[in-house]
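The values are calculated or read from the model by the stated rules, or taken from the named source; none is laboratory data. Since the model is a prediction, treat every value here as computed from it, not as a measurement. No Cβ is skipped: glycine too gets one built from the backbone with ideal geometry, and neighbour counts run over all protein chains shown.
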Amino acid sequence: MPSTLPTEKPRYAFVDLAKGLCIMLVVWHHVASTWGLDTYPLKLPLSTFRMPLYFFLSGLFFKSYAGFFDFCLRKVNKLLIPFTFFFITTSCILPFILAHFHLRPSPGCSVWYSFIWQEYFPNFPIWFLLGLFWTNLIFYGIYLAAKMLPQRFSNAGLVALSLAVGGLGFFLGRKSINLPMFMDTAMTAIPYFCAGHFAFRYTALLKPNKLDKLNIPLALLGFGLVYLLSDSTVSYVQNHFQLPFWSTYLCGLSGATGILLMSKAIKKIPLVSYFGRYSIMILVTHGWVQWAIIKILREFHIHWSKNASLAFVFVVTMLLYLGIIPFMKRFMPHVTAQKDVIKRE
């Protein structure tokens, strides 16, 4: 497996669309959860591939760069620094400020280290950045280990090691054995990352090709498979799975590729694609945005039906990002993966 030269990633419009669709599903899920909605249409099928899509995409754009140290620096800039900044500001400092003004309960001093073992904190959606950071590093270690094998066995070795690590993560979840800082989830996600890596190397997924005429039928087939198999709870953040091993991964891969193939057929939906391009900004802030909207509704004693309330909060949350995203691009580029904090030579 030859090393890849450190080049900038080109932008693919349909990938932005896929990310936009998924971040909107994430926001919708959190809005529904905030309102205490235990279930909603397609909740179980959607839960099987929302997160796997992002792990798959990270693998799809995996590069070995100039070595492990250079790779780590890039992931620190793109993932760990945003997580650290938004954990300190929006999960620690902001809740104490709001508690001071009696707008919400105090989170307690333990919130400062809650990401280690407790793995729950006020701005919870940012967990994904830390989990994806570990997934990248674990896969790079597997990648290096596979390169040490004879060349004819390297690909098989990479797949076998990825399945073994993913299986171990899945087993830990089944046995309710928790590893700190979402490392168990990172292990479980390795097969998705590996699948994305092989999709880049051995398919024309990112390029126009003669099979594109089948994108919609294949996407529908994938969604149908997910719908048929997803009859139990899947939670990647908790690393908790009631589906069998193969059903979990089959649903995750089928749903993720289904979203990508459907997006490739559509190509672009301007507003959704825009959200996808800057999905990290939505990820790290949408919890507080929707909280503020709900707080205002309750303060003014606005009582709508649950469905109307959910729709209103979701739509207003997403529309506010037409202002929030430009603001964050202008004033917060270093903590939203737009510019590097740690410079590479």
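A few notes on this one:
- From Lys9, Lys78, residue being at pLDDT below 95 and out of contact with any helix residue (DSSP H, G or I) (no Cβ under 6 Å at 6 or more places or on another chain): Lys9
- In the stretch 237-261, the residue that is surrounded by the most Cβ atoms within 10 Å (Cβ to Cβ) out of those that are without any contact (Cβ under 8 Å) to a residue 60 or more places away in the chain and under 16 Å from Phe56 (Cα atoms) is Leu261.
- Any hit, the stretch 194-201, residues being of a type in the set (D, E, K, R) and either without any contact (Cβ under 8 Å) to a residue 12 or more places away in the chain or surrounded by fewer than 21 Cβ atoms within 10 Å (Cβ to Cβ) (or both): yes
- Subset of the stretch 215-236 [among the aliphatic types (A, V, I, L, M) and surrounded by 13 or more Cβ atoms within 10 Å (Cβ to Cβ)]: Ile216, Leu218, Ala219, Leu220, Leu221, Leu225, Val226, Leu229, Val234
- Enumerated helices (runs of 4 or more DSSP H) restricted to the stretch 1-114, each holding at least 3 residues that are among the hydrophobic types (A, V, I, L, M, F, W, C) and closer than 30 Å to Ile266 by Cα: 13-34, 50-60
- Residue tally, condition assigned to a loop (DSSP other than H, G, I, E, B) and either in contact with a Phe, Trp or Tyr (Cβ under 8 Å, 6 or more places away or on another chain) or surrounded by 13 or more Cβ atoms within 10 Å (Cβ to Cβ) (or both), over the stretch 301-345: 7
- Residue ID - nearest to Leu144 (Cα to Cα), chosen from residues in the stretch 30-68 that are small (Gly, Ala, Ser) and at pLDDT 95 or above: Gly59
- Residue within the stretch 82-96 that is free of Cβ contacts under 8 Å to residues at least 24 places away in the same chain, loosely packed, with under 13 Cβ neighbours inside 10 Å and in contact with a helix residue (DSSP H, G or I) (Cβ under 8 Å, 6 or more places away or on another chain) present: no
- Matching entry among Lys339, Lys295 (being modelled with pLDDT of 90 or more and closer than 27 Å to Pro270 by Cα): Lys339
- Some residue of the stretch 224-231 being closer than 29 Å to Trp117 by Cα, touching a residue at least 12 places away in the same chain (Cβ under 8 Å) and not small (Gly, Ala, Ser): no
- Any hit, the stretch 276-286, residues being in contact with a Gly (Cβ under 6 Å, 6 or more places away or on another chain) and either surrounded by fewer than 16 Cβ atoms within 10 Å (Cβ to Cβ) or in a helix (DSSP H, G or I) (or both): yes
- Test for Ser232: is it of a type in the set (S, T, N, Q) and under 23 Å from Val26 (Cβ atoms): yes
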